[in-house]
1. Determine if segment 66-76 includes at least one residue that is in contact with a Cys (Cβ under 9 Å, 6 or more places away or on another chain) and in contact (Cβ under 8 Å) with a residue 24 or more places away in the chain.
2. A56 passes all but one of (1) at pLDDT below 90; (2) touching a Gly at 6+ places or on another chain (Cβ under 9 Å); (3) surrounded by fewer than 17 Cβ atoms within 10 Å (Cβ to Cβ); which number fails?
3. Check A45 against each of (1) on the phi > 0 side of the Ramachandran plot; (2) in contact with a Leu (Cβ under 7 Å, 6 or more places away or on another chain) and name the one condition it does not meet.
4. Please verify whether S51 is modelled with pLDDT of 95 or more, within 27 Å of I73 (Cβ to Cβ), open to solvent by less than 70 Å² (accessible area, probe 1.4 Å) and among the hydroxyl-bearing types (S, T, Y), treating the condition exactly as stated.
5. Mind checking whether some residue in segment 81-99 is of a type in the set (V, I, T) and either part of a strand (DSSP E or B) or touching a residue at least 60 places away in the same chain (Cβ under 8 Å) (or both)?
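The values are calculated or read from the model by the stated rules, or taken from the named source; none is laboratory data. On a predicted model such as this, the values are computed, not experimentally measured, just so you know. No Cβ is skipped: glycine too gets one built from the backbone with ideal geometry, and neighbour counts run over all protein chains shown. Just the protein is used for accessible areas: all its heavy atoms, side chains included, with ligands, DNA and RNA removed. Shrake-Rupley method; radii C 1.70, N 1.55, O 1.52, S 1.80 Å.
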Amino acid sequence: LLDGGDLAAALAGGFLYLYDGPVQTDPDAALDVSCHLIQKVSINATSTGLSFTDPASAGQLAKASGDVWSGRILVSGTPTQFRWCMGSDTGSGAVSGAAFRLCGTAGDAAADPAPEIGFAVVPLTAGNVEVIDSFAIAKPA
């Protein structure tokens, strides 16, 4: 998928949602009820969905360097996970069938092991706008 551009097309227009709480490793499963949505990331904190460079380079699909991926922090806290979702899906409930999601870890960039999305300063503060400087999906070896 990475080399053929199909993954870039499948992800185009999606949003990145950052949650706190117990990490759910199955992207199709519902999040724990204790999880809170901390941030919805879009282009320039607007309603415009995200996209990647296409075609993939060196086995990676990456955020376009000219795009500003950002969003207002909705509640103060430290994100523990992210979900990439399409359309009106916010990632909190269970999905099946044709729904497409990605999930991963988030949090303190200095943590060991490092999260897939790391922040230099945590917790994040409600009302602030946070920017995701880099994001890439690597093709498994």
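1. No, segment 66-76 contains no residue that is in contact with a Cys (Cβ under 9 Å, 6 or more places away or on another chain) and in contact (Cβ under 8 Å) with a residue 24 or more places away in the chain.
2. Result: A56 fails condition (3) only.
3. Evaluating A45 over (1) on the phi > 0 side of the Ramachandran plot; (2) in contact with a Leu (Cβ under 7 Å, 6 or more places away or on another chain) leaves (2) as the failure.
4. Values: modelled with pLDDT of 95 or more: no; within 27 Å of I73 (Cβ to Cβ): yes; open to solvent by less than 70 Å² (accessible area, probe 1.4 Å): yes; among the hydroxyl-bearing types (S, T, Y): yes.
Spelling it out, it is not the case that S51 is modelled with pLDDT of 95 or more, within 27 Å of I73 (Cβ to Cβ), open to solvent by less than 70 Å² (accessible area, probe 1.4 Å) and among the hydroxyl-bearing types (S, T, Y).
5. Within segment 81-99, one or more residues are of a type in the set (V, I, T) and either part of a strand (DSSP E or B) or touching a residue at least 60 places away in the same chain (Cβ under 8 Å) (or both).
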